[in-house]
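Structure, as structure tokens:
Nothing in this text is a laboratory measurement; each read-out follows from the coordinates by a stated rule. No experiment lies behind these values; they were computed from the predicted model shown. Glycine also receives a Cβ, built like all others from the backbone with ideal geometry; neighbour counts cover every protein chain displayed.
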Amino acid sequence: MSGLGGHMPHIHEDYNLTFSQLKEILKELSNGSTSGTEKLDGQNLYISYSLKEGCAKAARNKTNIKDGGLSSAELASKFFGRGDLEASFNDAFARFESVVSKMSTADKGAVFGEDADIYYNVEIIDPRTQNIIEYNTTAMVVHRSNHICLRGKENFSR
């Protein structure tokens with residue numbers, strides 16, 4: 001993950017973790033008493049929806065958030081000329097906007113706030129933009145953490 005989401009560390013990057021602690025984590029995972037999440041190798045994006053403007057919003061950095069997010073045209077412009085990355089972001093954002101357009105106004109407000117007040121941390125998985133892991137499908141996966149709630153609230157997990 002990069003951009004606004006920053007780096008999401010692997011368990012092996014915690015150099016303070018003792019072997020005993022690692023063994024306990026693996027034991028809990030194997031017996032089902034705790035759960036984990038697969039670390040994805042896609043492209044990071046923050047997404048929201050503005051009822052006020054009637055459109056989806058995206059962000060790749062703090063400036064994008066501060067400026068009210070990027071519309072689909074602004075996102076396309078930001079990645080213009082970047083080949084598969086441009087296509088991947090544009091396609092994923094268009095599908096997101098299409099799905100959100102089917103939601104009721106009340107649901108949009110509850111999920112995203114009135115004016116893109118809540119941005120969700122997502123990973124765009126697309127075979128065209130592979131990093132290390134080769135995926136054979138496209139997806140937009142919402143992470144469990146690092147979402148951003150504006151208007152006086154701090155980052156939260158939803």
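Quick check: pseudo-label points 7 Å beyond the Cα along Cα→Cβ at ASN136 and SER77, how many nm apart are they?
4.0
So what is the relative contact order of the range 2-158, in percent, for Cα pairs below 8 Å that sit 6 or more residues apart?
That works out to 24 percent.
For the range 87-150, which trypsin sites (Lys or Arg not before Pro) pass both filters: DSSP loop (anything but H, G, I, E, B) and at most 15 other C-beta atoms within 10 Å?
The qualifying sites are LYS102, ARG144.
Any lysines with Cα under 25 Å of the LYS102 Cα? List them, leaving off those in the same chain fewer than 8 positions away.
Cα-Cα hits under 25 Å: LYS52, LYS57.
Once you've got the Cα coordinates, tell me which of LYS62/LYS108; LYS27/LYS62; LYS39/LYS62 are over 28 Å apart.
LYS27/LYS62
By the gyration tensor of its Cα atoms, with a ≥ b ≥ c the square roots of the eigenvalues, what is the shape of the chain: rounded for a/c under 1.5, prolate for a/b over b/c, or oblate?
prolate
Need one number: nm distance between label points at ASP67 and ARG151, each 7 Å from Cα along Cα→Cβ, rounded to one decimal.
Modelled inter-label distance: 2.3 nm.
Of all trypsin sites (Lys or Arg not before Pro) in the range 1-84, which ones are in loop regions per DSSP and have a Cβ with at most 16 other Cβ atoms within 10 Å?
Loop-located and lightly packed - LYS39, LYS52, ARG82.
Sum -39500 (n - 2.57) across every DSSP H segment of at least 4 residues in the chain, then divide by the residue count to get the 222 nm mean residue ellipticity, nearest 500.
-9500 deg cm²/dmol
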